[in-house]
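The values are calculated or read from the model by the stated rules, or taken from the named source; none is laboratory data. Worth saying up front: this structure is predicted, and the values here are computed from it rather than measured. Heads up, the Cβs are rebuilt from the backbone with ideal geometry, glycines too, and the neighbour counts pull from every protein chain shown. Ligands, DNA and RNA are stripped out before the accessible areas are found, and what is left, the full protein with its side chains, is counted by its heavy atoms. Shrake-Rupley method; radii C 1.70, N 1.55, O 1.52, S 1.80 Å.
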Amino acid sequence: APRVAEFTDHTALFGAFPELDSMAVATLLTDLEDRLEIVIDDDDIDAEIFETFGNLLAFVTRKQASGRH
């Protein structure tokens with residue numbers, strides 16, 4: 001598996017990495033909330049967010065810009 005530093009906006013995530021299962025996604029979301037001081041509601045999450053690294057980055061950027069802390 002490539003290192004995150006090698007990821008591009010088009011790098012596939014969920015389904016492409018066996019270690020990124022539903023439990024890992026839940027842990028990732030919690031870690032993002034804690035590290036970035038954002039709130040991620042259940043309603044915010046859909047499969048599209050985890051299709052690619054670029055989608056995930058765009059989602060996090062939107063959450064940070066919304067100021068929902």
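Structure notes:
- Compared with the dominant Cα axis of the chain, that is its longest principal axis, helix 53-66 is turned about 10°.
- Assigned charges on the beta-carbon of Lys, Arg, Asp, Glu; region 14-63 dipole about Cα centre (debye): 240 debye
- Amide proton proximity set for Thr52, modelled H, under 5 Å, gap of 5+: Leu13
- Extension gain, Glu51 to Glu37: 0.36 nm times the residue separation minus the Cα-Cα distance gives 2.7 nm.
- Convex hull volume per residue, computed on the Cα atoms of the chain, equals 89 Å³.
- From helices alone, the chain scores -13500 deg cm²/dmol at 222 nm; the rule is -39500 (n - 2.57) for each run of n ≥ 4 DSSP H residues, then divide by the residue total.
- DSSP-assigned coil residues among trypsin sites (Lys or Arg not before Pro) in region 5-69, each with at most 15 further Cβ atoms within 10 Å: Arg68
- The chain - accessible surface per residue (Å², probe 1.4 Å): 71 Å²
- Extension gain, Val60 to Arg3: 0.36 nm times the residue separation minus the Cα-Cα distance gives 18.6 nm.
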